[in-house]
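Let me begin by presenting the structure, written as structure tokens, before commenting on it.
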Amino acid sequence: MKFLRIHKKAFSGPYLFGLAIMALSFSLYGFFLVGLENLQTAVQSWQKGIKLVCYLDPKLTEPQRQMVIDQLSSKLGAKEVRYLSPKEVKEDLMHQMGAFAEGLEVVEESFFPPSVEIAFGSPKSVQELESLAHLASQLNGVQEVLYGGPWLKKAFEVLNFFKKSLWALGVFLVGVSFFISASTLRLVFYQRKEEIEILRLVGATESFIKVPFLLEGVFQGLIGAALAVCIANLSVLYLHENLPPWLSLYLPQAKVLSLKSTAILLGLGMCSGLLGGAIACIGSDSL
Amino acid sequence: MVQLFGVTKIYPGGIRALEDVSLRVEKGEFVFITGPSGAGKTTLLKLMILAERPDRGEILIEGVNITRLPSSKIPHLRRKVGFVFQDFKLLNDRTVFENVALPLEVMGYPSRKVKKRIEQALRLVGIEPRAFGLYPKQLSGGEQQRVAIARAIVSSPSLIIADEPTGNLDPQLTLEVMDLFEKINLAGTTVIVATHDPAIISRYRKRTLHLQKGRLVADEVP
């Protein structure tokens, strides 16, 4: 195991500088990853709670209204159907608007149409919601159907954009980290030029000389990525504390980097460190 | 032990460091290589451990032609040769014991398993046990050179090559170090010492090869 040693002078200035730069660049990636995970959680929680709101014709009699509600419940496979009278619609709206609801107090209750809120047992995709909304709008007595479909669609588009950007950023940052690692390890090689020369003279093989440098590269990448994971997680916890209340509804709990994302970051760190070390080793033959 | 046939070494810029040098050093011999600065002494020694490659000619060490030895085999050649330098070339962040353990470490021996062997080598060169845990900078020049010699002999090489080993030492320490090489030679190891100090050559009366401008101009056997 002596063969797999790390040099005694491993943590020299250039090495620590490289480590800090790697930690910063991986932190950027960590922010993206943790941001994506939180966005995904928010969209999923929104998607889970999404409801179809059917505004009914105010002229419907009580039996007619009940018939429409029954039809909606059976045809759409609803888990829960809740009828809201014009008064309840007004109260709900005022509750949602919070401090901005003062102006609504003067509006007559009859201005608000009676409506039915339909909740589903399982999260629905945008396409499913679209077809259910279409089905509901075909029923007699239903004037308008509203649902968060277009917004959900936009949220998914943003999510997909984030995912693609993450790949591009990942490739870029691995490249940057690899370059940093190679450069700092090259400097470390120069710093230990004499030591390497002595090792060669006493009969050390190239692998005996270079494996520690590769390990130092891997270690540098691993520590850099681990620091990045900590920075990203601490940042998300801090930001969550300061989220506006309306956003907190969708993100009741801050989500730190998942095990999978942490493993990806650490893996990328180790790989870029290893590649950097390998490149530095190739360039060291002339020393 | 060592044979050179028409060896020429030309450095970039056309500088001829060695020109058509042929020589033969027998097993167990003690040989001085001398000549003025720039005569090619260091180049000649470097060629023997393939720190440089010759441009022409052949070099045989223990009957093996090393001239075209692949790079991957060079470490194995160097393990058979102990090298001592004027500037000691000790690792300053390792203790005396660790420095001497280095050749054994690169050969795959864990230093605690060869502790006795390292201590023997250090005692042979006159280093007291109290100094085993010290760092090179805590020792005098003479002691540092002794540690370097202990490092050169610890793996029991059949050949010791020393490049101006007394260049940084005062006359008293010079004699002590040269006595040490003589002692090592008497134990059967071939020793080649490059020096430009005529006092050493006249005192020890060994075979002496004279280099001048890269050419072997004399081979004196006392």
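All of the numbers you see were taken from the coordinates with simple rules; none came from a lab. All values reported here derive from a predicted model rather than from experimental measurement. Neighbour counts are summed over all protein chains in view; Cβ atoms, including those assigned to glycine, are modelled from backbone coordinates with ideal geometry.
Counting every Cα pair in the range B:151-190, what percent are over 11 Å apart? In whole percent, the long-distance tail amounts to 66. Whole-percent P(r), chain B, all Cα pairs, 5 Å bins from 0: 1, 7, 15, 19, 20, 16, 12, 7, 3, 0, 0. Got a sec? Which residues in the range A:49-72 would a label at A:LEU139 touch, if it sits 7 Å along Cα→Cβ and we count backbone N under 13 Å? Output list for this probe position: A:52-57, A:64-72.
By the scheme Lys and Arg +1, Asp and Glu -1, what is the net charge of all other residues having a beta-carbon under 14 Å from that of A:LEU237? Show your work: numbers first, answer last.
Details: positive: A:LYS255; negative: A:GLU37, A:GLU241.
Surrounding charge for A:LEU237 is -1.
Per q in 0.22 1/Å, what log10 I(q)/I(0) does a Debye calculation on the alpha-carbon atoms of the range A:139-184 return? Evaluating at q = 0.22 Å⁻¹ gives log10 I(q)/I(0) of -0.79.
Using equal-weight Cα scatterers in the Debye expression, the normalised intensity of the range B:1-83 in log10 at q = 0.14, 0.20, 0.27 Å⁻¹ is -0.45, -0.94, -1.56. Relative to the dominant Cα principal axis of chain A, helix A:126-137 is inclined by about 0°.
Using a 10 Å cut-off around each Cβ of peptide B:75-81, what is the average number of partner chain Cβ atoms that fall inside?
4
Between A:SER45 and A:ASP70, the contour length at 0.36 nm per residue exceeds the Cα-Cα span by 6.3 nm.
Starting from the Cα gyration tensor of the range A:92-225, multiply each eigenvalue by 5, take the square root, and state the resulting semi-axes largest first in whole Å.
Details: eigenvalues 920, 71, 24 Å².
Each semi-axis is √(5λ); the values are 68, 19, 11 Å.
If each residue of separation counts as 0.36 nm, what is the full-extension length gain between B:SER71 and B:ARG207 once their alpha-carbon separation is subtracted? Walk me through the numbers on the way to the answer.
Details: separation 136, 0.36 × 136 = 48.96 nm, distance 3.22 nm.
Between B:SER71 and B:ARG207, full extension yields an extra 45.7 nm.
Counting Lys and Arg as +1 and Asp and Glu as -1 over every other residue whose Cβ lies under 13 Å from the Cβ of B:PRO165, the net charge comes to -3.
State whether the range A:26-149 is rounded, prolate or oblate according to the following rule on the C-alpha gyration tensor (a ≥ b ≥ c being the square roots of its eigenvalues): a/c under 1.5 gives rounded; otherwise a/b larger than b/c gives prolate, and the remaining case gives oblate. Since a/c reaches 1.5 but b/c is at least a/b, the shape of the range A:26-149 is classed as oblate. The alpha carbons of the range B:129-217 give a radius of gyration and a Dmax of 14.1, 47 Å, in that order.
Express in whole angstrom the spacing between the alpha-carbon centres of the range B:64-114 and the range B:149-188. Cα centroid to Cα centroid, the span is 16 Å.
Need one word for chain A: rounded, prolate or oblate. Basis is the Cα gyration tensor (sqrt eigenvalues a ≥ b ≥ c); a/c below 1.5 gives rounded, then a/b vs b/c decides. Taking the square roots of the gyration eigenvalues as a ≥ b ≥ c, chain A is prolate. Please work out the FRET efficiency for the pair B:ASP93 and B:LYS113, using the Cβ-Cβ distance as r and a Förster radius of 35 Å; give the result to the nearest 0.05. Computed FRET efficiency for B:ASP93 and B:LYS113: 0.95.
Distance between the pseudo-spin-label points of A:GLU105 and B:ASP170 (7 Å out from Cα toward the beta carbon): 10.2 nm.
Could you tell me what percent of the DSSP beta bridges with both partners in the protein assembly as shown are antiparallel, to the nearest 5?
Numbers: 33 of 51 bridges.
Of the beta bridges lying entirely in the protein assembly as shown, close to 65 percent run antiparallel.
Past the 28 angstrom mark, what percentage of all C-alpha to C-alpha distances in the protein assembly as shown do you count?
69 percent
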